[in-house]
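Comments concern the structure below.
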Amino acid sequence: MKNTLMTIFGALYATVVLSGCSIGMALSGHPEPDFGYITVGASREELEFELGKPTSEQVLADGKKESVYKYEMGNTVNAGRAAVWGYAWLTIIGILGEPIYDLIELSQGHDEETRVIYDAQNSAIEISGYTPPALSETEKAARAAQEEHVRKRPKPSTERQTAPSNPPQP
């Protein structure tokens with residue numbers, strides 16, 4: 001009898017602790033790189049803004065460097081999915097379905113890898129690895145509308161204003 005009560009208590013405790021996990025998982029994630037900026041000729045700074053820091057680097061001949069970037073695709077923050085899980089959780093079906101929702105959230109996203117070879121001036125001369133499918137017109141319009149609300153990318157080094165080396169003396 002004591003083991004049965006402990007099992008029931010443990011199951012209830014786990015249900016209370018784990019309930020709402022699918023909502024939290026849907027509200028967390030990693031932004032995907034914008035592959036429109038990942039092009040041959042881009043600077044290292046521009047590529048690292050999109051891909052993050054490289055996971056490994058190797059020095060090649062003639063001052064070239066090969067950097068490997070790993071990132072996650074398909075697991076961005078999704079408030080709509082979180083709202084669905086939250087609404088379902090308010091019903092008895094949602095509470096009982098939480099383990100299923102958790103499994104769905106755990107299956108979101110996949111890891112990808114891109115290799116970039118830089119020249120001695122840290123400009124990309126070769127890019128290989130994951131290539132995403134082309135964006136739909138709807139997604140292009142949505143990204144354009146959201147562009148004013150996101151962190152701005154650094155300008156390419158060719159467009160930057162250079163400060164005078166000797167400032168005028170008063």
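The values are calculated or read from the model by the stated rules, or taken from the named source; none is laboratory data. Keep in mind it's a predicted model, so treat the numbers as computed, not measured. All Cβ positions, glycine included, derive from the backbone under ideal geometry; neighbour counts span all protein chains shown.
Things to note:
- If you go through the range 139-170 and keep only what is more than 21 Å from Glu48 (Cβ to Cβ) and at pLDDT 70 or above, you end up with Glu139, Lys140, Ala141, Ala142, Ala144, Ala145, Gln146, Glu148, His149.
- Test: Glu98 is surrounded by 16 or more Cβ atoms within 10 Å (Cβ to Cβ) and under 24 Å from Arg143 (Cα atoms): no
- Residue that is more than 22 Å from Leu47 (Cβ to Cβ), under 24 Å from the mean Cα position of the chain (by Cα) and not in a strand (DSSP E or B), where the choices are Ala83, Ala134, Ala88: Ala83
- Members of the range 100-137 that are closer than 22 Å to Ala83 by Cα and without any contact (Cβ under 8 Å) to a residue 12 or more places away in the chain: Ile100, Leu103, Ser107
- Where Gln121 falls short, out of the listed (1) at pLDDT below 90; (2) more than 24 Å from the chain's Cα centre (by Cα): (1)
- In the range 67-85, the residue that is modelled with the lowest pLDDT out of those that are crowded, with 16+ Cβ neighbours inside 10 Å and either in contact with a Lys or Arg (Cβ under 6 Å, 6 or more places away or on another chain) or of a type in the set (Gly, Ala, Ser) (or both) is Ala82.
- Within the range 43-77, tally of residues that are in a loop (DSSP other than H, G, I, E, B), out of contact with any Leu (no Cβ under 8 Å at 6 or more places or on another chain) and closer than 24 Å to Glu105 by Cβ: 4
- Cβ pairs under 8 Å, 6+ apart, first in the range 62-85 and among the small types (Gly, Ala, Ser), second assigned to a loop (DSSP other than H, G, I, E, B): Gly63/Asp119; Gly63/Ala120; Ser67/Pro54; Gly74/Glu32; Gly74/Gln108; Gly74/Gly109; Ala79/Leu27; Ala82/Leu27
- Test: Ile100 is under 26 Å from Leu60 (Cα atoms) and either in a helix (DSSP H, G or I) or not small (Gly, Ala, Ser) (or both): no
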